[in-house]
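So the structure is just underneath, and the comments pick up after that.
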Amino acid sequence: MAIAKGYAATDASKPLTPFTFERREPNADDVVISIQYCGVCHSDIHQARNEWGFSKYPMVPGHEIVGTVTAVGSAVSKYKVGDKVGVGCFVDSCVGCATRDLDNEHYMPGLVQTYNDVEGDGTTPTYGGYSDSVVVKEGYVLSIPDNLPLDAAAPLLCAGITLYSPLRHWNAGPGKKVAIVGMGGLGHMGVKLAHAMGADVTVLSQTLSKKDDGLKLGADAYYATSDAETFTKLAGTFDLIICTVGTTIDWNAYLGLLKFDGSMVLVGVPEHAVPVHAFSVIGGRKSLSGSMIGSIKETQEMLDFCGEHNIVSEIEKINIQDINEAYERVIKSDVRYRFVIDIASLAA
Ligand SMILES: [Zn+2]
C-alpha cells in the first residue's frame, strides 16, 4: 500500500488538519494519479461538517481532482504515465451490475462517491482530492484537454458538469433564453457554458456587485433580484432557468419568469423546503425539476467542449494550509469564483 498525505476532517466541529493514510494497492484496471490541484466545492463543507447527516470520519474531502498519471494497471488501455487526468464526484457505479447505464449511472443505486463513502468491497473508505495521490478505476478517470490550464480546469469536474448537464438536457442553444440564478462557483460556469452553446444568457443575482464580471464572462443581461421590478420586467421571458443558489428563495416568483412550456431546474440545495403553488406551474405548462452532476460519458463530453471553447473556471489558488479560512469565505460567498488548492503546498 502507498502512503498518502492529505488534510482531513476528524469530526463535524473541528477544522481540517494534516492526515496521513494508505491508498489501496492498484488493481489491473486502476490508474494511479499524482494530484496537482483540487477545487473546493460547497458540498465539501456540508459533508465535512455533517450538515447532510451521512458523514464518515476521518474524511478527506475533494471531488474536483486534476493531476498526472504515475502508474497504470496491466489491463488499462486508455491512459498512460504522464497523461493529464481528472476525477470528479464518483469513482464507481452500479456495483454488481453487469451493465452500466452510461448515460445515467450517476442516478443509479451503487454510486460510489469520491470521498465520504466506501468502495465496492463495502469496506475500503474513499478519500478525496485534498491529498497527494489517488487510485481510481480507469472507467472513472477523465481526460483533460491539453490546452486547458490544469488548476483552472479542476472545478469543471463538479461545478462545470453540474451546469453543463442541465443546459444540454434542456437544449440551451441559439434562440433560447436562459437565466442563471446566482453568480458563484456554479453560476459563473453556467454563464460561460450557456454562452458558448449559443444561448442568450441572463444572470439573476441578488445585487449588481458582480455585473461587470457576468457580462465579461458571456452574459447578455444582468439583473438584481433584490429589485422587485426585475420580476415584473422579466415576466414570461425565459425558456430555461437554472437555479444555483443554496439560499431559500421564492420559487413561485422565479416560475413567473418562465415562458410557456419553460423549465426551472434546481442544482443548488436550499436548506429549507419552499412551498410551490400549483398555479405557478399549471398556467403555462411549466416544469420545476432538478439535476445532479453528470455521467462519466457526459463529463468527458463537457471537458472536450471546454477544450474546444477554451472554457475554465475563474479561480483563486490557495495553499492547503489555508483551507479552513477558505471554507469561511465560501460560506460568505467571498470568492471569485472557485478556490483551488495547490496540492504542492502539502509538501511545505
Ligand atoms: Zn461539488
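The values are calculated or read from the model by the stated rules, or taken from the named source; none is laboratory data. Everything numeric here is computed off the predicted structure, so don't read it as measured data. With ideal geometry, Cβ positions are generated from the backbone for all residues, glycine too; neighbour counts draw on all protein chains shown. Please note that ligands, DNA and RNA were not included when accessible areas were found on the heavy atoms of the full protein model with its side chains. Shrake-Rupley method; radii C 1.70, N 1.55, O 1.52, S 1.80 Å.
Among the residues of segment 60-83, is there at least one that is open to solvent by less than 50 Å² (accessible area, probe 1.4 Å) and out of contact with any strand residue (DSSP E or B) (no Cβ under 8 Å at 6 or more places or on another chain)? Checking segment 60-83: not a single residue is open to solvent by less than 50 Å² (accessible area, probe 1.4 Å) and out of contact with any strand residue (DSSP E or B) (no Cβ under 8 Å at 6 or more places or on another chain).
Just one of the numbered conditions (1) under 24 Å from Val269 (Cβ atoms); (2) open to solvent by 10 Å² or more (accessible area, probe 1.4 Å); (3) of a type in the set (A, V, I, L, M, F, W, C) is not true of Ala228: (1). Considering only segment 76-89, state which residues are farther than 25 Å from Val269 by Cβ and either assigned to a strand (DSSP E or B) or out of contact with any helix residue (DSSP H, G or I) (no Cβ under 8 Å at 6 or more places or on another chain) (or both). Hits for segment 76-89 are Lys80, Val81, Gly82, Asp83, Lys84, Val85. Assessment of segment 45-59 against the conditions (among the β-branched types (Val, Ile, Thr), touching a strand residue (DSSP E or B) at 6+ places or on another chain (Cβ under 6 Å) and not in a strand (DSSP E or B)) yields no matching residue. Being open to solvent by less than 70 Å² (accessible area, probe 1.4 Å) and in contact (Cβ under 8 Å) with a residue 24 or more places away in the chain holds for only one residue in Thr237, Thr207, and it is Thr237.
At least 2 residues being open to solvent by 40 Å² or more (accessible area, probe 1.4 Å) is the threshold, and among the helices (runs of 4 or more DSSP H) wholly inside segment 245-339 those reaching it are 278-282, 296-309, 323-331.
Only one entry of Lys177, Lys192, Lys216 meets the criterion of being in contact with a Gly (Cβ under 7 Å, 6 or more places away or on another chain), away from the ligand (no atom under 15 Å from the Cβ) and open to solvent by 10 Å² or more (accessible area, probe 1.4 Å), and that entry is Lys192. Among residues of segment 141-165 that are assigned to a loop (DSSP other than H, G, I, E, B), those with a Cβ under 7 angstrom from a residue that is polar (S, T, N, Q) and more than 11 Å from the ligand (Cβ to nearest atom), sequence gap 6+ or separate chain, pair up as Asn147/Asn310. A residue that is open to solvent by less than 10 Å² (accessible area, probe 1.4 Å), within 16 Å of the ligand (Cβ to nearest atom) and in contact with a Ser or Thr (Cβ under 7 Å, 6 or more places away or on another chain) can be found somewhere in segment 37-51.
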